[in-house]
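Visitor: Following this message is one structure expressed as structure tokens.
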Amino acid sequence: MKYNPQEIENKWQSVWNEEDAFNASYGGGKPHFYCLEMFPYPSGNIHMGHVRNYSIGDVLARFKRMQGYNVLHPMGWDAFGLPAENAAIQNNIHPAKWTYANIDNMRKQLKRLGYSYDWKTEIATCHPDYYRWEQLFFLHFYEKGIAYRKKAAQNWCPKCNTVLANEQVIEGECWRCDSKVEQKELTQWFLRITDYADELLADLDKLTDGWPERVLTMQKNWIGKSIGAEIEFELAEGNGAIRVFSTRQDTVFGATFMSISGEHPLLEQLIKGKEQEAAVRAFVEKLRLEAQKNAVGAEAIEKEGIFTGSYCKNPFTGDLMPIFVANFVLAGYGTGAVMAVPAHDQRDFDFAKKYNLPMRVVVQPKDGDLTIENMTEAYSGQGIMQNSGEYDGLDNETAKGRIADWLESNNKGKRTVTWRLRDWNISRQRYWGAPIPMIYCDKCGVVPEKAENLPVVLPMDVQTHPDGRSPLPDTPEFYRCTCPKCGGEARRETDTMDTFVESSWYFARYTGAREEDRAFNPEAVKSWLPVDQYIGGVEHAILHLLYSRFFVKALRDCGFIELDEPFARLLTQGMVLMDGSKMSKSKGNTVDPTSMIAKYGADTVRLFCLFAAPPERDFDWTDSGIEGANRFVQRVWRLAAELVGQLPAAAACSSTADDAKTEAARETRYREHAAIKKAGDDIADRFQFNTAIAAVMELVNHLYLVKEELLQTSEGKKVLASAQASVLAMLTPIVPHMTEELWQLLGFDGRASSQPWPVYSPEAMQRSVITVVVQVNGKLRGKIEVPAETTQAEIEAAALAEPNVKKHTEGLTVRKVLYVPGKLVNVVVS
RNA sequence: GCCGGGAUGGUGGAAUGGUAAACGCAGCGGACUCAAAAUCCGCCGGUCGCAAGACCUUGCGAGUUCGAGUCUCGCUCCCGGUACCA
């Protein structure tokens with residue numbers, strides 16, 4: 001019987017398809033398990049990264065089903081987005097047509113890999129039946145103040161012709177096309193994610209068991225909580241005050257000047273009528289131009305500033321502090337003004353050196369003798385207060401509290417918390433996205449669309465612009481509307497939503513993908529969510545995962561769902577590399593899954609992706625590696641094919657102690673059960689699919705050695721049949737087509753994919769003779785074989801009598817003998 | 001700079017304080033074959049030794065422990081994230 005993967009894979013894929021083999025249903029008494037992989041963007045073809053991601057998810061989904069869970073394992077399409085528009089412009093095809101054609105192709109490719117998805121819950125986010133609910137959420141968000149409109153400087157990608165959220169600017173470049181991001185003043189729609197900063201941070205503690213630590217850390221850093229104080233510095237001329245935020249209010253006695261951003265609201269007042277006025281204006285204009293050209297967050301630039309001509313007063317020392325406009329002060333963080341403490345902050349130190357400004361040491365390290373003369377850099381560590389009036393001699397952490405108390409009781413400031421997180425700009429000046437359901441009326445202003453008028457459907461009949469500009473502002477059929485309030489003529493919002501809005505709730509929609517009258521069935525949401533296991537690339541550690549966490553909390557507060565966190569456990573899989581670097585079309589180092597499937601079959605491709613490395617780690621695609629995987633698949637096939645017609649019908653772990661009459665039979669039974677324990681533990685507890693597969697390989701290797709002997713007796717056949725069934729059961733989540741076929745060929749009952757995960761018995765794993773390792777002073781000196789029931793005293797005596805052990809203990813005194821039951825004896829001598 | 005992760009044979013990787021190198025890949029030897037491929041069986045960290053065995057070996061240096069790849073401390077290098085965030 002020759003192994004023909006194309007034939008058997010097609011056969012079983014049709015069977016699963018006809019039988020709706022993997023549909024989930026809630027209720028039914030079984031415990032629920034929601035296994036989800038990040039849905040793909042329909043770019044046209046799946047790549048090896050998808051294969052790895054979805055193979056990991058499929059092993060888990062199938063394994064959980066075998067363990068008796070009712071598993072929800074859905075798939076869908078993150079279908080709005082720029083590539084569709086760009087392809088449309090290039091190939092003169094409508095983005096919708098391009099997108100749906102790609103979906104059809106990729107669905108075919110996924111089906112060809114035999115993934116056990118519930119295709120009845122498939123969704124595409126570009127469909128009005130999907131995004132209509134998103135528009136409804138937006139109306140609720142608007143009503144609750146979670147969605148709002150504001151004018152501000154925005155990240156602008158000149159190539160994509162649209163704004164970007166902060167999270168989508170990577171090292172100053174657009175996350176999609178790597179263009180330098182510019183700043184542009186625009187009025188945009190925002191979601192108030194900052195209102196949830198506290199909860200987003202605090203709830204990370206609920207995820208410590210199931211999420212990788214580095215993802216938690218990245219989110220924590222991104223949210224960026226800083227605890228400090230706000231301090232008021234009165235202007236010397238008595239006409240107001242500058243407020244600053246500082247995490248180091250303990251160093252306030254060392255504040256010798258003030259730095260403010262070029263966009264500070266008091267700047268006009270500070271320079272008005274001063275001789276520096278013109279020069280400052282020129283400097284600010286220069287900064288503005290540079291900011292537009294230069295990427296946000298590009299590498300550090302030389303510190304520069306200019307004196308405004310005004311002074312403020314240090315509330316503690318009473319000293320006058322010159323006020324500077326400085327290029328490193330961010331308008332958008334804190335209050336846009338910084339008290340400069342050159343002795344204890346490196347930036348202020350550099351600035352003071354450059355402009356020859358005074359310094360004062362106010363925190364002295366333990367046994368330090370810092371002076372302004374001997375300092376070559378700022379000291380930002382802990383220490384003892386000095387030059388700080390009544391606070392001298394205190395440690396600086398204590399002083400922090402006392403100074404905050406003083407500020408509060410003297411009305412000069414207060415304790416404050418500042419966040420790095422900014423509100424989420426969701427407006428996009430592009431066509432292929434979900435319309436924002438808002439209307440502008442000359443009479444009534446900004447008016448939300450009525451819920452009963454949803455969905456606001458994206459028009460299909462539009463002419464795209466070659467430069468990527470959205471056609472919506474030129475499409476009167478779309479933007480002309482009547483005001484829901486006064487009935488007069490009005491204009492629709494023509495920006496669309498960021499595609500990350502769609503991916504922020506799709507996991508919830510899967511629980512009731514065909515609901516027509518509501519976004520979710522609350523019962524279904526409650527029974528399935530949170531997602532038990534989420535699997536995807538670490539590149540979404542901040543973007544998608546932070547947005548989704550926020551979105552769920554916002555939906556909860558609007559009464560749509562009862563849920564705090566969307567994903568209970570997260571697995572971030574590594575990349576598939578080629579010659580040490582990421583596969584990419586431009587480098588020409590890609591491997592096309594379709595051609596690999598054509599050559600080896602889906603089972604081999606799945607096996608290799610799972611065996612090459614543990615899931616979290618990157619691995620290199622190698623031709624010899626997939627050859628090796630194919631060799632194992634063939635080896636399993638041959639082993640079973642040779643046994644067809646010779647074995648009794650059996651299930652995994654069905655042989656009994658009575659059947660194991662010979663040494664070979666006992667050993668086989670032992671190894672069968674040991675492999676099941678190892679493979680089950682590795683898959684369930686650790687996602688170590690590579691070692692689970694290795695355990696099955698060992699068992700297969702053993703069966704090759706003993707099969708002839710076991711075929712001699714009927715008891716032996718029972719033992720062999722049981723072990724063979726176990727091999728197939730264990731491999732079913734990994735190479736499901738082959739195991740279904742072999743299960744059927746061997747005449748075993750039912751289907752491999754509907755077998756329960758085998759249960760090992762401790763009795764089978766008892767050995768009659770055990771090997772005990774003997775160490776002398778921790779060094780391996782021998783091994784002894786003893787019957788399992790030997791007492792500790794007898795084992796210790798045997799260990800001491802072992803010839804090589806004797807040699808190493810001769811003439812020495814035995815101080816101690818340690819015994820690790822069934823494993824090891826360590827003789828301590830001196 | 002700060003935060004996180006890592007370093008084990010020729011190679012991908014095992015080892016949940018107790019036999020370091022499981023299972024693969026590559027390589028070598030044997031069987032089968034007219035021959036080759038495929039397959040099956042065996043060997044495969046280093047040094048010394050005829051052998052029994054001894055010594056060395058998990059990036060480097062210390063420590064805890066009867067016993068450390070694993071725990072602790074101090075370094076080196078690599079990867080990822082993030083950065084004028086006050």
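The values are calculated or read from the model by the stated rules, or taken from the named source; none is laboratory data. None of these values were measured; they are calculated from a predicted model. Every residue, glycine among them, receives a Cβ derived from its backbone with ideal geometry; neighbour counts consider all protein chains shown. Just so you know, the surface numbers come from the protein's heavy atoms only, side chains and all, with ligands and any DNA or RNA stripped out. Shrake-Rupley method; radii C 1.70, N 1.55, O 1.52, S 1.80 Å.
Visitor: Counting DSSP beta bridges with both partners in chain A, what percentage is antiparallel, nearest 5? It would help to have the intermediate numbers written out before the result.
Guide: Details: 73 of 95 bridges.
The antiparallel proportion sits near 75 percent.
Visitor: Also: Could you tell me how far the Cα centroid of region A:392-467 sits from the Cα centroid of region A:603-681, in Å?
Guide: Measuring centre to centre over Cα atoms gives 55 Å.
Visitor: Let me have the relative contact order for chain A, percent, based on Cα pairs under 8 Å that are six or more residues apart. Intermediate values should be presented prior to the final figure.
Guide: On the way: 1528 pairs, mean separation 112.2, N = 830.
Once divided by the residue count of chain A, the mean separation gives 14 percent.
Visitor: Roughly what angle does helix A:5-19 make with the longest principal axis of chain A, taking Cα atoms, 0 to 90 degrees, to the nearest 10?
Guide: Once rounded, the angle reads 70 degrees.
Visitor: With a cut-off of at most 12 other beta carbons within 10 Å, and DSSP calling the residue loop, which GluC sites (Glu not before Pro) in region A:362-428 qualify? Please list them. List each step's numbers first, then the result.
Guide: Numbers: sites: A:373, A:377, A:390, A:397, A:408; in loops: A:373, A:377.
For GluC sites (Glu not before Pro) across region A:362-428 that sit outside H, G, I, E and B with at most 12 neighbouring Cβ atoms in 10 Å, the list reads A:373, A:377.
Visitor: Karplus couplings for region A:466-478 from phi (6.51 cos²θ - 1.76 cosθ + 1.60, θ = phi - 60°), rounded to Hz, Gly and Pro as x?
Guide: x, 8, x, 4, 5, x, 4, x, 9, 10, x, 4, 8
Visitor: Report, in whole Å, the centroid distance computed from the Cα atoms of region A:768-830 and region A:208-254.
Guide: 62
Visitor: Return the ratio Rg/(2.2 N^0.38 Å) for chain A, where Rg is computed over Cα atoms only. Can you show the working numbers first?
Guide: On the way: Rg = 34.3 Å, N = 830, 2.2 N^0.38 = 28.3 Å.
Rg over 2.2 N^0.38 Å, computed on Cα atoms: 1.21.
Visitor: Rounded, prolate or oblate: which fits region A:376-499 when a ≥ b ≥ c are the square roots of the eigenvalues of the alpha-carbon gyration tensor, with rounded for a/c under 1.5 and prolate only if a/b beats b/c?
Guide: Prolate, because a/c is 1.5 or more and a/b exceeds b/c.
Visitor: May I pose another question? What is the set of long-range amide H partners of residue A:535 at a cut-off below 5 Å, with H atoms built 1.01 Å from backbone N?
Guide: Hits under the 5 Å cutoff: A:36, A:37, A:38, A:571.
Visitor: Additional query: Shape verdict for region A:727-802, please, from the Cα gyration tensor: rounded (a/c under 1.5), prolate (a/b greater than b/c) or oblate. Could you put the intermediate results ahead of the total?
Guide: On the way: a/c = 4.76, a/b = 3.11, b/c = 1.53.
In terms of gyration-tensor shape, prolate.
Visitor: As a test of reading the structure, rank A:498, A:345, A:350 by solvent-accessible area (1.4 Å probe, protein chains only), most first.
Guide: Working: A:498 5, A:345 40, A:350 65 Å².
Descending accessible area places them as A:350, A:345, A:498.
Visitor: Next question. Under 8 Å for C-alpha pairs, at least 6 residues apart: give me the relative contact order for region A:700-830, rounded to a whole percent.
Guide: Answer for region A:700-830 is 17 percent.
Visitor: For region A:789-829, which trypsin sites (Lys or Arg not before Pro) pass both filters: DSSP loop (anything but H, G, I, E, B) and at most 14 other C-beta atoms within 10 Å? Don't skip to the answer; put the middle values down first.
Guide: Numbers: sites: A:806, A:807, A:815, A:816, A:823; in loops: A:823.
Answer in residue order: A:823.
Visitor: Could you list the square roots of 5 times each eigenvalue of the Cα gyration tensor of region A:694-760, that is, the equivalent ellipsoid semi-axes, sorted largest first and rounded to whole Å? Working shown, then result.
Guide: Working: eigenvalues 80, 40, 22 Å².
Whole-Å semi-axes of the equivalent ellipsoid: 20, 14, 10.
Visitor: Could you give each residue of region A:270-284 its phi-based ³J(HN,Hα) in whole Hz, using Karplus coefficients 6.51, -1.76, 1.60 with θ = phi - 60°, and x for Gly or Pro?
Guide: Once θ is set to phi - 60°, the couplings for region A:270-284 become 5, 9, 3, x, 7, 5, 7, 3, 5, 5, 5, 4, 4, 5, 4 Hz.
Visitor: Ordered by residue, what ³J(HN,Hα) values in Hz, to whole numbers, does region A:240-251 give under the Karplus form 6.51 cos²θ - 1.76 cosθ + 1.60, where θ = phi - 60° and Gly and Pro are x?
Guide: Values per residue, Gly and Pro as x: x, 8, 9, 9, 10, 10, 9, 8, 10, 4, 5, 9 Hz.
Visitor: Given that compact globular proteins tend to follow 2.2 N^0.38 Å, what is the ratio of the alpha-carbon Rg of region A:422-492 to that value?
Guide: Rg over 2.2 N^0.38 Å, computed on Cα atoms: 1.18.
Visitor: With every protein chain left in place, what is the accessible area per residue of region A:416-562 in square angstrom, probe 1.4 Å?
Guide: Per-residue value: 38 Å².
Visitor: While we're looking at this one, here's another question. Starting from the Cα gyration tensor of region A:486-534, take the square roots of the eigenvalues, sort them a ≥ b ≥ c, and report rounded, prolate or oblate (rounded when a/c is under 1.5, otherwise prolate if a/b is larger than b/c, else oblate).
Guide: Details: a/c = 4.35, a/b = 1.95, b/c = 2.23.
Verdict is oblate for region A:486-534.
Visitor: How about region A:222-272: which GluC sites (Glu not before Pro) there lie in a loop by DSSP and see at most 16 other Cβ atoms within 10 Å? Mind showing how you got there, number by number?
Guide: On the way: sites: A:230, A:232, A:234, A:237, A:263, A:268; in loops: A:237, A:263.
Here the GluC sites (Glu not before Pro) that fit, given the DSSP loop and packing criteria, are A:237.
Visitor: What does region A:584-676 give for Rg and for Dmax, in Å, if only its C-alpha atoms count?
Guide: Rg and Dmax of region A:584-676, Cα atoms, are 18.8, 63 Å.
Visitor: Just the Kirkwood number for region A:435-546, please: inverse of mean 1/r across all distinct Cα pairs, in Å, one decimal.
Guide: Numbers: mean 1/r = 0.0586 Å⁻¹.
Taking every pair of different Cα atoms in region A:435-546, averaging 1/r and inverting gives 17.1 Å.
Visitor: Further question on the same structure: Using alpha carbon centroids, what distance separates region A:493-539 and region A:310-364, in Å?
Guide: Distance between centres, Cα-based: 48 Å.
Visitor: Using a probe of 1.4 angstrom, how much of the accessible area of region A:593-655 is carbon and sulfur, in percent?
Guide: Values: 1200 of 2460 Å².
Looking at region A:593-655 in its full context, I get 49 percent from C and S.
Visitor: Would you mind checking region A:567-584 for residues with the amide N under 13 Å from a putative spin-label position 7 Å along Cα→C-beta of residue A:620?
Guide: What the label zone holds, given the 13 Å backbone N cut-off, is A:577-582.
Visitor: I'd like the accessible area for residue A:419, computed on protein heavy atoms only with a 1.4 Å probe and all protein chains in place. Round to 10 Å², please.
Guide: Estimated to the nearest 10 Å², residue A:419 gives 50 Å².
Visitor: I've got another one for you. Give me the accessible area per residue for region A:623-765, probe 1.4 Å, as a whole number in Å². Could you put the intermediate results ahead of the total?
Guide: Values: 5520 Å² over 143 residues.
Roughly 39 Å² per residue, with all protein chains present.
Visitor: Now a separate question. Please list the non-local residues whose amide H lies under 5 Å from the amide H of residue A:76, H modeled 1.01 Å from N, same-chain partners needing a gap of 5 or more.
Guide: It is A:123, by chain and number.
Visitor: Let me ask something else about it. List the residues, sorted by chain then number, that are 5 or more residues from residue A:590 or on another chain and whose placed amide H is less than 5 Å from its amide H.
Guide: Those lying under 5 Å, H to H, from residue A:590 are A:584.
Visitor: Taking 8 Å as the Cα distance limit and 6 or more residues as the minimum spacing, I'd like the relative contact order of region A:433-503 as a percentage. Please report the intermediate quantities before stating the final value.
Guide: On the way: 101 pairs, mean separation 30.0, N = 71.
The value is 42 percent.
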